[in-house]
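Where a number appears in this text, it was derived from the coordinates with a stated rule and is not lab data. This is a predicted model, so every value here is computed, not measured. Here the Cβ is made from the backbone with ideal geometry for all residues, glycine too, and neighbour counts use every protein chain on show.
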Amino acid sequence: MPKILVVGATDYIGQALSLSLLRTGTHTVYGIARSDTKATELSRLEIFPVLCPDLVQDLEPFLSALKTHNISVVVSCGADGEAQELLDVVIEAGRRRLNAYQNAGIHGPKLAFVYTSGTWTHGSSFLPVTDLDVVGSSLSPTQPPKLVSWRPGQEYCVLAAKDVLDVMVVRPALVYGRSHPIWKSFFDVVVQGSKRGDLSVDIPLDKGRPALIHVDDVASGLRAAVDKLPLISGTGVYPVFDLVGQSESMQDILDALARAVGYKGEVKLIGSNGDSFEEAMSVSANIDAGRAKTLLEWQPKRAGLVDGMDVYAHAFMAT
């Protein structure tokens, strides 16, 4: 069985990926745990914990785990604050592995690395874009919002490591489903307005049309990336893939939430007013995910945020 190490396995996307990998019955899944409590949490989910409290200051537990367990693929999910440090560690591990092969006189597989980025790197555009479009440079027609302005550079660092690692960049759209906290500050305004019986509520977002994807479809897309990476690596295929389920109006999304929670008032989008997070949430995108569907053989299956809002709002209220 391929051995997969998920960085962020206790977090939203990382846990969904880990469970998706386990359900196939064809992967052994390891997860980085930053504390004993998190390690126990992973063990309960049948994920082997790798205790590594600080990737930046103490690299040896991570490097040791990669060697001891003969990890095939490292998947980074949600390690934004230490993205470059993590990449540096994985490159060092990959270099050590290649040197060990050379010293033994054998030719073995490279360590693989899948980096989870996001479609916000495309910036805001109603014109069609694909994962073959250059992002974050003077050649790009649009620029990413300030919140993730660093991310295109990180993607290029990952792609530049191809001599040492088998690499892939996967960009999920704006994620929804279950308890993702990214929606909380906006959904809470509607829920509390409903409880108070307000005639209207103000939401600090622009009237955008974001690209969206359910967390389960992100997990299946990342799982497909893990499975297809050995087949794609070295073929000349550009290893960057956007994962998008659909695009929906932010006004329609919040109106659907209002109906689901019984709010009778008006939901007003008043603009992001320069806030970096609100600006990013307001990004409009018309993204073609056809390459992921064709080359990774991936298909999103979950209902859209508007159509499935009764279910999604129920889950949100439960948390």
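Of everything in the range 126-150 that's hydrophobic (A, V, I, L, M, F, W, C) and either touching a residue at least 24 places away in the same chain (Cβ under 8 Å) or closer than 17 Å to residue 244 by Cβ (or both), which residue is surrounded by the most Cβ atoms within 10 Å (Cβ to Cβ)? Spell out how you get there, then give the answer.
The initial filter retains those residues of the range 126-150 that are hydrophobic (A, V, I, L, M, F, W, C), namely 126-127, 129, 132, 134-135, 139, 147-148, 150.
Keeping just the survivors that are either touching a residue at least 24 places away in the same chain (Cβ under 8 Å) or closer than 17 Å to residue 244 by Cβ (or both) gives 126-127, 129, 132, 135, 147-148.
Values: 126: 11, 127: 8, 129: 21, 132: 10, 135: 25, 147: 16, 148: 20.
Out of the qualifying residues, it is 135.
Of the strands (runs of 3 or more DSSP E) entirely within the range 151-218, those holding at least 1 residues that are surrounded by fewer than 18 Cβ atoms within 10 Å (Cβ to Cβ) and charged (D, E, K, R) occupy 200-203. Output yes when any residue across the range 233-243 is assigned to a helix (DSSP H, G or I) and either β-branched (Val, Ile, Thr) or under 21 Å from the mean Cα position of the chain (by Cα) (or both), and no when none is. Looking for residues that are assigned to a helix (DSSP H, G or I) and either β-branched (Val, Ile, Thr) or under 21 Å from the mean Cα position of the chain (by Cα) (or both), one finds none in the range 233-243, hence no. Checking each residue in the range 136-152 for being of a type in the set (A, V, I, L, M) and more than 19 Å from residue 208 (Cβ to Cβ) picks out only 139.
Here is a check on your reading of the model: is residue 134 under 27 Å from residue 57 (Cβ atoms) and assigned to a loop (DSSP other than H, G, I, E, B)? Full working, then the answer.
Details: under 27 Å from residue 57 (Cβ atoms): no; assigned to a loop (DSSP other than H, G, I, E, B): yes.
So residue 134 does not fit the description; no.
As a summary of the residue check, residue 272 satisfies the conditions (1) part of a loop (DSSP other than H, G, I, E, B); (2) touching a helix residue (DSSP H, G or I) at 6+ places or on another chain (Cβ under 6 Å); (3) free of Cβ contacts under 8 Å to residues at least 60 places away in the same chain; (4) small (Gly, Ala, Ser) except for the one numbered (3).
Per-residue answers, yes or no, for (1) basic (Lys, Arg); (2) in contact (Cβ under 8 Å) with a residue 40 or more places away in the chain; (3) outside any loop (DSSP other than H, G, I, E, B):
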site	(1), (2), (3)
16	no, yes, yes
23	yes, no, yes
32	no, no, yes
40	no, no, yes
50	no, yes, yes
53	no, no, no
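Among all positions in the range 43-64, there is at least one residue which is under 26 Å from residue 230 (Cβ atoms) and small (Gly, Ala, Ser). Residue 5 fulfils the conditions (1) surrounded by 23 or more Cβ atoms within 10 Å (Cβ to Cβ); (2) in a helix (DSSP H, G or I); (3) not polar (S, T, N, Q) except for a single criterion, (2).
This table checks each residue for (1) out of contact with any Asp or Glu (no Cβ under 8 Å at 6 or more places or on another chain); (2) within 30 Å of residue 74 (Cα to Cα); (3) without any contact (Cβ under 8 Å) to a residue 12 or more places away in the chain; (4) of a type in the set (A, V, I, L, M, F, W, C).
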{"residue": "163", "(1), (2), (3), (4)": "yes, yes, yes, no"}
{"residue": "189", "(1), (2), (3), (4)": "no, no, no, yes"}
{"residue": "195", "(1), (2), (3), (4)": "yes, no, yes, no"}
{"residue": "198", "(1), (2), (3), (4)": "yes, no, no, no"}
{"residue": "203", "(1), (2), (3), (4)": "yes, no, no, yes"}
{"residue": "207", "(1), (2), (3), (4)": "yes, no, no, no"}
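Please find, within the range 66-96, the residue that is surrounded by the most Cβ atoms within 10 Å (Cβ to Cβ) out of those that are of a type in the set (Ser, Thr, Tyr) and not in a loop (DSSP other than H, G, I, E, B). Don't jump to the end; show me each part of the working.
Quick first cut of the range 66-96, residues of a type in the set (Ser, Thr, Tyr) only: 68, 72, 76.
Those left that are additionally not in a loop (DSSP other than H, G, I, E, B): 68, 76.
Numbers: 68: 9, 76: 25.
Residue satisfying both the conditions and the ranking: 76.
Quick check, is residue 46 charged (D, E, K, R), in a helix (DSSP H, G or I) and more than 18 Å from the chain's Cα centre (by Cα)? The answer is no for residue 46.
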